[in-house]
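Down below is the structure, laid out as structure tokens.
The values are calculated or read from the model by the stated rules, or taken from the named source; none is laboratory data. Predicted, not measured: the structure shown is a model, and the values here were computed from it. Using ideal geometry, Cβ is built from the backbone for each residue, glycine included, and neighbour counts are taken over all protein chains shown. Surface areas here come from the heavy atoms of the whole protein model, side chains and all, with no ligands, DNA or RNA. Shrake-Rupley method; radii C 1.70, N 1.55, O 1.52, S 1.80 Å.
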Amino acid sequence: MSQQQYPPQQPESGGPQQPFGQAPFAPPPPKKPGAGKVIGLGCLGLVGLFVLIALIGAVVGGGSGSNDSKSAGGTKASGSMPKSDKAADGSGSSDKKVDSEPKADSKVVVFKVWGTAPAGALGPLNITYGSDSDNRDGAFKNGKFEATLPLDDDAMYFNVTAQLQGSGDIHCSVTVGGKVKKAHAAGDYNICNAQLSAGLLGGWD
């Protein structure tokens, strides 16, 4: 008589019993880290990299800025010159030339006489001024005479004359549109005569 075979008994344990004749249970696979955690770590790495680059840029920029300011200060210091040196090389403002002639008005004619001219037997210095169409008398006072007339574009010339009365030393001038003509007379009854004539092509000669 054959005996019935029974499967071997497994020792009891806390886990589930796998049925006879089946493959044992496979252990559960390990859990992979979530995609969110990977993305978060990547973002943190990028932020850290940007912060590092910004710090390096700030350090480099600050160093170059300080160097630039130092070089600018050095240039300013070297460019400045003591007042005494400026005066020595003639670049000071006190050396500016002062023009004795006033700025001429292009629409005004200026007549002048100056110097020493004592009155003679025939009277004081005789002055006449004007143009070919307008002749006037002038008075010599305190060693000078000055008068102005409007510019007449149709005039052929403008002049001033001053005749001494036995002695003296005088100068005279007439100015038209920045053009100046001067003359001189000394002693006896000599005449100082300054005249500007209209040019053929315009202007005054």
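Observations on the model:
- Mean Cβ neighbour count within 10 Å, used as a protection proxy, ranking 169-179, 148-158 highest first: 169-179, 148-158
- Maximal additional length on extending the Asp188-Leu49 stretch stands at 39.8 nm, based on 0.36 nm per residue less the C-alpha distance.
- Proximity of backbone amide H atoms, modeled 1.01 Å from N, is registered between Tyr157 and Asp132, Ala198 at under 5 Å, excluding neighbours fewer than 5 places apart on the same chain.
- Residues Glu146 and Ser197, FRET efficiency given R0 of 25 Å [Cβ-Cβ distance, rounded to 0.05]: 0.70
- The Met156 and Leu122 beta-carbon pair, evaluated with R₀ = 30 Å, returns a calculated FRET efficiency of approximately 0.50.
- Area accessible to solvent at Trp204, 1.4 Å probe radius, in Å²: 40 Å²
- Probe 1.4 Å, accessible area per residue of the range 145-205, Å²: 53 Å²
- Accessible carbon and sulfur surface of the range 98-201 relative to its total accessible area, %, 1.4 Å: 49 percent
- The range 111-205, Cα convex hull volume normalised per residue, Å³: 84 Å³
- For the range 165-172, 3J(HN,Hα) per residue [Karplus equation, 6.51 cos²θ - 1.76 cosθ + 1.60, θ = phi - 60°, Hz, x = Gly/Pro]: 10, x, 6, x, 8, 10, 10, 9
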